[in-house]
Structures are given as C-alpha cells and as structure tokens.
Amino acid sequence: MNTNNSTSVPQAREALNKFKYEVASEIGVPLKQGYNGDLTSAQAGYVGGYMVKKMIEAQERQMAGK
C-alpha cells in the first residue's frame, strides 16, 4: 500500500493536482497553492472525498460505454 503522498502513476500528478483545485473551487473550499494548514480537517476531507466520488462516477460512465 502506498502510504506516502505520491501517485502510483507519476505522470498523473499534474492532472490530479489540477483536479484537486477544480474540485475545491467547485465545492467552495479555499484551497491554495502551498500551505493549507488553515483548512479544517473536514474541509480537506471533503475535497478528497469529492475527488474520489467524481473519479468513481467517471469510471462508471466509461464502463457503461458513455
């Protein structure tokens, strides 16, 4: 299991970072480049959880042939 903050596919790092900021903006979490220690754990968790939800939805659409 990958327990550090790296990606399994290094080439995807930039796209995931961009996706993270898009999701944060979409849900109203003030995520910024660099230090984000002023965010609550709930806000940070919401960004990560919403990212996972959107990735699952995209995969489901792909599997359904849409």
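The values are calculated or read from the model by the stated rules, or taken from the named source; none is laboratory data. Note that the coordinates shown come from a computational prediction; the quantities given were computed from them, not determined experimentally. When we count neighbours, we look across all protein chains shown, and the Cβ atoms used for this are built from the backbone with ideal geometry, even at glycine. Note: areas computed on protein heavy atoms with side chains; ligands, DNA, RNA excluded. Shrake-Rupley method; radii C 1.70, N 1.55, O 1.52, S 1.80 Å.
I need the full set of residues from the range 26-46 which are surrounded by fewer than 12 Cβ atoms within 10 Å (Cβ to Cβ) and of a type in the set (Ser, Thr, Tyr), in order please.
Tyr35, Thr40, Ser41
Mind listing whichever residues of the range 47-66 are open to solvent by less than 80 Å² (accessible area, probe 1.4 Å) and under 16 Å from Phe19 (Cβ atoms)?
First, the residues of the range 47-66 that are open to solvent by less than 80 Å² (accessible area, probe 1.4 Å): 47-52, 54, 57-58, 64-65.
Within the range 47-66, Val47, Gly48, Gly49, Tyr50, Met51, Val52, Lys54, Glu57, Ala58 meet the criteria.
Conditions first: (1) open to solvent by 60 Å² or more (accessible area, probe 1.4 Å); (2) assigned to a loop (DSSP other than H, G, I, E, B). Glu22 passes all but one, so which condition is the exception?
(2) is the only condition that Glu22 fails.
Please find, within the range 1-34, the residue that is modelled with the lowest pLDDT out of those that are of a type in the set (Asp, Glu) and over 11 Å from the mean Cα position of the chain (by Cα).
To start, the set of residues in the range 1-34 that are of a type in the set (Asp, Glu) comprises 14, 22, 26.
Within this subset, residues satisfying the condition of being over 11 Å from the mean Cα position of the chain (by Cα) are 14, 26.
On the way: Glu14: 90, Glu26: 96.
Result: Glu14.
Collect the residues in the range 10-19 that are out of contact with any helix residue (DSSP H, G or I) (no Cβ under 9 Å at 6 or more places or on another chain) and either of a type in the set (A, V, I, L, M, F, W, C) or surrounded by 11 or more Cβ atoms within 10 Å (Cβ to Cβ) (or both), keeping them in residue-number order.
Step one: list which residues in the range 10-19 are out of contact with any helix residue (DSSP H, G or I) (no Cβ under 9 Å at 6 or more places or on another chain), which gives 10-15, 17-18.
Listed by number, the residues that qualify are Ala12, Arg13, Ala15, Asn17.
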